[in-house]
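Every number here is computed from the coordinates shown, using simple stated rules; none is lab data. Please read all numbers here as calculations on a predicted model, not as lab measurements.
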Amino acid sequence: MATHLALALHQAGCEVRQVLSRSIDHAQLLARRVDARAVCRWQQLDEDADVYLLAVPDDALYELALDLRLPGALVIHTSGSTPLSVLKPVSDRAGVVWSPQTFVRDIAMDYSLLPLCIEGSCPDVEQQIQALFAQVSTNIFRLDHQHRRQAHLAAVWVSNFVNAINATAQEIMRQAGLDFDMLRPLAEQTLSKWDYGNLWLQQTGPAIRHDDKTLDAQRRLLSQSRPDLLPLYDNLTALIQSR
């Protein structure tokens with residue numbers, strides 16, 4: 001998240017003055033890409049910057065709030081599940097910029113399509129955040145903490161869980177000596193169902209058909225090769241059939 005936000009703002013013409021990381025090597029890697037200065041201690045931060053982006057793990061936000069003080073500065077965190085109030089001790093001008101997107105450091109992205117969910121401690125702060133990130137993307141949503149938590153939960157299902165399921169399918173294919181790319185058109189067709197509205201109405205497969213013979217055969221196959229997957233298989237089958 002830190003890498004991509006820094007690159008997005010830099011490409012939009014904003015000056016990224018400093019990159020801070022506990023590892024000076026990590027800070028230098030990103031700093032070189034955005035013409036910034038790398039630092040590894042909070043005491044080295046310039047205190048006259050316009051905006052401070054805290055792209056750190058959720059637990060680290062609470063730790064920072066104990067020590068970091070930037071009165072009058074616009075301080076923004078990037079967590080989907082942490083409330084804006086965590087920054088109250090840091091600055092009275094605080095905000096959130098969170099994206100329901102998966103970020104990989106060295107994979108390029110089209111930032112103009114990046115969905116950004118923002119929140120500010122007051123209307124003026126929120127307008128300033130929107131003006132800043134409107135230089136990056138036009139896909140901006142105003143979400144308070146409660147709505148952001150729901151979106152974050154949904155994003156875990158769409159991305160993290162789906163990727164874990166696909167990785168499991170990849171393992172099953174490899175163990176059988178099969179080419180996983182055989183399933184790529186299926187994955188792409190499944191994703192295309194987004195264009196047709198209610199996804200439950202697009203559900204296919206043996207579970208929705210209540211094809212017990214096929215379900216039993218697949219359960220026996222799993223019990224022989226991957227018994228650890230049986231509870232997940234049964235739970236997902238029950239979820240589909242409950243709809």
Taking each pair of different alpha-carbon atoms in the chain once, compute 1/r for the pair, average those values, and report the inverse of that mean as the Kirkwood hydrodynamic radius in Å to one decimal. 21.0 Å
What are the residues whose amide H is under 5 Å from the amide H of L54, where those residues sit 5 or more places off or on another chain and H is modelled from the backbone? I76, H77, T78
May I ask for the Kirkwood hydrodynamic radius of the range 149-242, worked out over all distinct Cα pairs and given in angstroms to one decimal? 15.0 Å
Any idea how far the Cα center of the range 105-179 sits from the one of the range 39-66, in Å? 22 Å
With contacts defined as alpha carbon pairs under 8 Å and 6 or more residues apart, what's the relative contact order of the chain in percent? 11 percent
For S99, list long-range residues whose amide hydrogen, built 1.01 Å from N in the peptide plane, is under 5 Å from its own amide hydrogen. C117
Kirkwood Rh and Cα Rg combined as Rg/Rh, the range 2-143: 0.92
Assuming 0.36 nm per residue, please report the length gained on full extension of the stretch H10 to L153 beyond their Cα-Cα distance. 48.5 nm
